[in-house]
């Protein structure tokens, strides 16, 4: 049933599943992760539409509340996630280039630790940001803007936390001396999820912090 | 299950669009008084869904049990109580609505409103068991290393996506209006929509899983 030698690094052949043959482009990760990513991005697109509609209904409230957000913190968070994605991408390409080389694998593992550290810093940095608002008496019910601010960044934060678990899985895979057969698919899927988390923030940040 | 739910929900109980949590107690009582019969019949149909949840969930669990047969069926064990909780949710929310529609003119409006509140909370708020059910389905699918897997892998990712999107329903307790109230776009319509996508996807892939199970068990018999 195999029509010939597999393309180098074209990943796994799984009967009835993601068969990568000698023709056709390589889809990073597996079909399923794209079901998740595109589905999630569709939902966040809905979130952004809701934001636009609510903002059109109460532009002064949104402008005023947005200006009260700490743009500096938001920028720091953006840089943290972008750096994190860069490190994760570098880890992925290292593993893909030399999956058998131990020093490459440990370098990839270190890059993943760096990526996860940035992600953790992002999450921890949320605490003073939220706390500052709560301390000044601002919560989810204060106005429509703050409802969306807390809930959208909160749901995004849950994505980040799950992403940290995903990065941990990738880190454990990189630390193995011998690569498992589906490793490339795992790395690409995990990295795709993490980049999605980054993309979502890159849209959330200007929407919430800068648009006002 | 989908048909019964929508027949009970829309034309009979008139819960789409959902009544507003910001409505006054008098308005709520009037709604139950006017639509008492529709709610009683509609919610009786929703009760049937409790039974359908169980049989539907059991079929999925049989398939993930098949996947986990080599090790401990922990994910299958997690699914069983979560589908029981889902059935209980269907039982209790329909029952609270029945209670609200039972004596709408004989009691004070606040009582009707409170019963309506608790019914909506029961229906939407407990997102955790549903999300746990989805995660407990997704994990065995991703761990399936057999030659002919029971479910295609994208079904696992659909389950993980669904698990995420029940979370906004947990936000209804903070709001009486807006997108995260129980009649809101993001806490009501979105999770409801996601749930029915999930039901359809699981039903369709379940047929495939059962077919692959039949083929797997038929093969030894055809060996000469």
Q. What is the one condition in (1) at the interface with chain A (Cβ under 9 Å from one of its Cβ atoms); (2) within 18 Å of residue B:79 (Cα to Cα); (3) surrounded by fewer than 15 Cβ atoms within 10 Å (Cβ to Cβ) that residue B:203 does not satisfy?
A. (1)
Q | Verdict on residue B:172 being in a helix (DSSP H, G or I), touching a residue at least 12 places away in the same chain (Cβ under 8 Å) and within 12 Å of another protein chain (Cβ to nearest Cβ) | A | yes
Q. Taking the stated definitions as given, is residue B:156 in contact with a helix residue (DSSP H, G or I) (Cβ under 9 Å, 6 or more places away or on another chain), over 28 Å from residue A:50 (Cβ atoms) and crowded, with 23+ Cβ neighbours inside 10 Å?
A. yes
Q. So how many residues does region B:139-162 have that are at the interface with chain A (Cβ under 10 Å from one of its Cβ atoms), more than 20 Å from residue B:5 (Cα to Cα) and at pLDDT 90 or above?
A. 12
(Q) Suppose we keep only residues that are closer than 15 Å to residue A:39 by Cβ and within 11 Å of chain A (Cβ to nearest Cβ) within region B:188-197. Which one would you say is surrounded by the most Cβ atoms within 10 Å (Cβ to Cβ)? (A) B:194
Q. Restricting attention to region A:85-93, does a residue exist that is without any contact (Cβ under 8 Å) to a residue 12 or more places away in the chain, over 13 Å from the mean Cα position of the chain (by Cα) and assigned to a loop (DSSP other than H, G, I, E, B)?
A. no
Q) Name the residues in region A:25-45 that are more than 7 Å from every other protein chain (Cβ to nearest Cβ) and more than 15 Å from residue A:194 (Cβ to Cβ), would you? A) A:25, A:26, A:27, A:38, A:42, A:44, A:45
Q) How many residues are over 24 Å from residue B:23 (Cα atoms) and surrounded by fewer than 23 Cβ atoms within 10 Å (Cβ to Cβ) if we restrict to region B:164-182? A) 2
**Q.** Filter result for residue B:185 (surrounded by fewer than 19 Cβ atoms within 10 Å (Cβ to Cβ), within 10 Å of another protein chain (Cβ to nearest Cβ) and within 21 Å of the chain's Cα centre (by Cα))
**A.** yes
(Q) Restricting to region A:145-158, and then to whatever is within 10 Å of chain B (Cβ to nearest Cβ) and surrounded by fewer than 20 Cβ atoms within 10 Å (Cβ to Cβ), can you tell me which residue is farthest from the chain's Cα centre (by Cα)? (A) A:154
Q: Report, by residue number, each residue of region A:165-185 that is surrounded by fewer than 19 Cβ atoms within 10 Å (Cβ to Cβ) and either outside any helix (DSSP H, G or I) or in contact with a helix residue (DSSP H, G or I) (Cβ under 8 Å, 6 or more places away or on another chain) (or both).
A: A:168, A:169, A:175, A:176, A:177, A:178, A:179, A:180, A:181, A:182
Q: Scan region B:196-212 and give yes if some residue there is within 30 Å of residue A:57 (Cβ to Cβ), assigned to a helix (DSSP H, G or I) and modelled with pLDDT under 95, otherwise no.
A: yes
Q: Among what's in region A:49-62 and is within 30 Å of residue A:121 (Cα to Cα) and loosely packed, with under 14 Cβ neighbours inside 10 Å, pick the residue that is nearest to the other protein chains (Cβ to nearest Cβ).
A: A:49
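The values are calculated or read from the model by the stated rules, or taken from the named source; none is laboratory data. Note that the coordinates shown come from a computational prediction; the quantities given were computed from them, not determined experimentally. Cβ: placed from backbone, ideal geometry, glycine included. Neighbour counts: every protein chain shown.
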